[in-house]
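The values are calculated or read from the model by the stated rules, or taken from the named source; none is laboratory data. Being a predicted model, the structure only gives us computed values, none of them experimental. FYI the Cβ positions are ideal-geometry reconstructions off the backbone, even for glycines, and counts take in every protein chain you see.
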Amino acid sequence: MEADNALQSSLNLRKRLHIDDQLDTACVYYNLGENFFTMGNGKKAVEAHRQALGLRETYLGEHVLTAISFDRVGSLYLKMGDYQSAIEPFQNALQLREKLLGNHVDTASSCHNLALTYFETGSYSEALNLSQQALNIRLDLVPGHEETADTFHLQGSIYSMMGDLVLASEAFLSSLNLRVALLGEHQDTAMSYHCLGQAQCDSGFYNEALDSLLEACRLRKELLGDHSDTATSLELLARTYEALGADDLASESLVFACEVRAKLMLEHCAVTATSGDSDNTTDS
């Protein structure tokens, strides 16, 4: 909050003193937007970043900083779930970075972000093309990097939605191999195990799916405990056991999943009740 007030005071002082260093003012707006985002105020964050973007477009034109502002506005819309609004700034960021930087990690980032946005809107063909463009650059420049694993994972999700489970499994496996090497026992590694297991299960490769899902369940139990993701993996594990004819193990996994969801429901009810009591106390 203090940083937010300081940045706002800096802007007000610039206006009063008629300071004309617009690029420096753009930086202040950019930082103000970051502070608003950290505080959870997405709407004000977008407004501040759009102010920075407007100044950079006017005084810098086609510049890497302008591309950064376009990308940041798109990222904010993406995080807020406003996917349609995210498309245009991401497109502008990508266009600038392709022109100014060529095959560069930032260009790959723009391709990935736009691909993710198209994926969220159900435009899978566009998402696939952009994810492949991002993947080509990342495999060339940073093959053993976490962001390369992220793009493999995104591509696996796209193939899954398009019904190509063989290519989905290949992409999820590539993502998994990188995450195991780079992250070890991590939530993202568990996600890769789960998604690979789901693609294998949906393809009818139940023995392979079983191995993947057992690892997903183990990691999620250790890292997350009683969590909805843990329950989801347990439910898919139960489905896989059932397909293999292991009905007792399927029932056991399903019971564990139900127990996790029941605990989460009770915790949610307890929090809601406590919140209600607090509100009533305040009102009185």
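So if I check each of SER75, SER109, which one is under 14 Å from the mean Cα position of the chain (by Cα), closer than 19 Å to LEU141 by Cβ and not in a loop (DSSP other than H, G, I, E, B)?
After ruling out the rest, the residue left standing is SER109.
What pairs can you find where one residue is in segment 100-117 and closer than 18 Å to LEU65 by Cβ, the other is among the small types (Gly, Ala, Ser) and surrounded by 15 or more Cβ atoms within 10 Å (Cβ to Cβ), and their Cβ atoms are less than 6 Å apart, with a gap of 6+ or different chains?
Partner pairs satisfying both residue conditions: SER110/ALA93.
Please identify the pairs in which a residue from segment 204-233 that is under 18 Å from ALA168 (Cα atoms) has its Cβ atom under 6 Å from the Cβ atom of a residue that is of a type in the set (Phe, Trp, Tyr) and modelled with pLDDT of 95 or more, counting only partners at least 6 apart or on another chain.
That search, which allows pairs on different chains as well, returns SER212/TYR193; ALA216/TYR193.
Just give me the residues in segment 53-86 being β-branched (Val, Ile, Thr) and in contact with a Leu (Cβ under 7 Å, 6 or more places away or on another chain), in sequence order. Show your work before the answer.
Of the residues in segment 53-86, the ones β-branched (Val, Ile, Thr) are 58, 64, 66, 68, 73.
Passing the criteria: VAL64, THR66, VAL73.
Answer yes or no: is there a residue in segment 248-271 that is at pLDDT below 95 and among the small types (Gly, Ala, Ser).
For segment 248-271, residues at pLDDT below 95 and among the small types (Gly, Ala, Ser): present.
When you go through (1) of a type outside the set (Phe, Trp, Tyr); (2) closer than 15 Å to HIS112 by Cα; (3) surrounded by fewer than 16 Cβ atoms within 10 Å (Cβ to Cβ) one by one for GLY74, which number turns out not to apply?
(3)
Please enumerate the residues belonging to segment 39-77 that are touching a Gly at 6+ places or on another chain (Cβ under 7 Å) and under 13 Å from GLN22 (Cβ atoms).
Correct list: ALA52 only.
Only residues that are at pLDDT below 55 and either within 22 Å of the chain's Cα centre (by Cα) or in a helix (DSSP H, G or I) (or both): list them for segment 11-60, please.
Result: LEU11, LEU13, ARG14, LYS15, ARG16, LEU17.
Given the criterion within 19 Å of the chain's Cα centre (by Cα) and within 22 Å of MET265 (Cα to Cα), identify the matching residue among HIS227, HIS186, HIS194.
Going through HIS227, HIS186, HIS194 in turn, just one is within 19 Å of the chain's Cα centre (by Cα) and within 22 Å of MET265 (Cα to Cα): HIS227.
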